[in-house]
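To start, the structure itself, in structure tokens.
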Amino acid sequence: MPLMTSPSLPMNTINRDLKDVIDSVKAYIELDRASGISEFFVDTPDTRYAIHNTSDLDSLKTEISGCKRCSLHRTRHNTVLGAGNPKAELMFIGEAPGEDEDLHGLPFVGRAGQLLTKIIEAMGLKRSDVYIANILKCRPPNNRPPLPAEIEECEDILKKQIGIIKPKIICTLGKFASQTLLRTETTISALRGNFKEYNGIKLMPTFHPAYLLRNPADKKLVWQDMKKIMKELKR
Ligand code: URA
């Protein structure tokens with residue numbers, strides 16, 4: 001069958017884009033291989049895991065627990081939907097579960113999570129007052145960054161979650177969550193510190209707690225961002 005091409009895209013642009021995709025897939029495979037993963041699967045999305053008319057977080061949790069939409073189900077121990085107050089005014093959204101989160105089925109319970117807990121408590125809140133979730137619900141092997149296809153497959157689960165919680169404010173933690181929800185490639189350093197909007201909800205991008213563990217001098221910037229959130233929440 002002849003290759004269908006868009007009349008507006010010259011063939012060499014398509015070849016260049018294809019080469020970029022192939023190069024990034026190769027880079028991920030090399031990264032996984034270097035850390036001992038020797039089998040690779042390509043899954044076709046399984047439509048049985050489409051999200052239905054779920055209207056509460058417990059049903060959503062059950063619904064996604066067997067999700068096989070992407071290949072992350074092969075290496076995960078648990079799906080990690082999120083945790084906290086289902087009526088929270090403030091929702092934190094991180095990147096993806098790490099090793100501890102994968103083992104416990106809960107978000108932000110490792111070292112970065114402990115720092116997030118301290119930040120929440122410094123705001124005069126408890127973890128149980130807020131809701132904490134991630135862009136991806138399954139751990140990428142060796143904590144590699146999420147792939148665009150994985151983000152895409154998982155996004156309607158997060159949308160559903162936000163729709164159920166209806167937070168007044170979303171705080172995105174780090175580059176992946178901020179860029180995904182805001183549909184931008186602007187760096188997190190440029191995004192952080194100013195309220196944006198996500199589907200009518202105020203959204204504050206800030207640095208990820210894992211970044212703060214490596215760059216503690218930037219904690220003061222995150223604190224500035226949290227103070228803006230507290231002001232908005234009238235706390
Ligand atoms: N980092 C994240 O982005 N999410 C977690 O749940 C844990 C670490």
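The values are calculated or read from the model by the stated rules, or taken from the named source; none is laboratory data. Remember, it's a predicted structure, so these values are computed and weren't measured experimentally. Glycine also receives a Cβ, built like all others from the backbone with ideal geometry; neighbour counts cover every protein chain displayed. With ligands, DNA and RNA removed, areas are computed over all heavy atoms of the protein, side chains included. Shrake-Rupley method; radii C 1.70, N 1.55, O 1.52, S 1.80 Å.
A few remarks follow.
Quick grid of which residues meet (1) under 15 Å from the mean Cα position of the chain (by Cα); (2) assigned to a helix (DSSP H, G or I); (3) of a type in the set (Gly, Ala, Ser):
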| position | (1), (2), (3) |
| --- | --- |
| 72 | yes, yes, no |
| 79 | yes, no, no |
| 103 | no, yes, no |
| 113 | yes, yes, yes |
| 120 | no, yes, no |
| 125 | no, no, no |
| 132 | yes, no, no |
| 160 | yes, yes, no |
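- Residue in the stretch 124-131 that is more than 21 Å from residue 220 (Cα to Cα) and away from the ligand (no atom under 16 Å from the Cβ) present: yes
- Contacts under 8 angstrom Cβ, first residue in the stretch 181-196 being more than 11 Å from residue 207 (Cα to Cα), partner among the charged types (D, E, K, R) and at pLDDT 95 or above, 6 or more apart: 182/196; 195/202; 195/228; 195/232; 196/202
- Test: residue in the stretch 166-178 that is more than 12 Å from the ligand (Cβ to nearest atom), part of a helix (DSSP H, G or I) and out of contact with any Cys (no Cβ under 9 Å at 6 or more places or on another chain): no
- Residues in the stretch 196-223 that are charged (D, E, K, R) and within 15 Å of the chain's Cα centre (by Cα): 0 in all.
- When the stretch 93-113 is filtered for residues that are within 6 Å of the ligand (Cβ to nearest atom), touching a helix residue (DSSP H, G or I) at 6+ places or on another chain (Cβ under 6 Å) and of a type in the set (A, V, I, L, M), only 112 remains.
- Taking the criterion of being within 14 Å of the ligand (Cβ to nearest atom) and in a strand (DSSP E or B), the residues of the stretch 179-207 that qualify are 205, 206.
- Failed condition for residue 26, given (1) at pLDDT 65 or above; (2) loosely packed, with under 10 Cβ neighbours inside 10 Å; (3) basic (Lys, Arg): (2)
- From the list 218, 156, the one residue that fits, being more than 13 Å from the ligand (Cβ to nearest atom), open to solvent by 10 Å² or more (accessible area, probe 1.4 Å), under 22 Å from residue 105 (Cβ atoms) and of a type outside the set (S, T, N, Q), is 156.
- Residue match in the stretch 66-79 (condition: under 30 Å from residue 233 (Cα atoms) and surrounded by fewer than 23 Cβ atoms within 10 Å (Cβ to Cβ)): no
- Yes/no for residue 192 being basic (Lys, Arg) and open to solvent by less than 50 Å² (accessible area, probe 1.4 Å): yes
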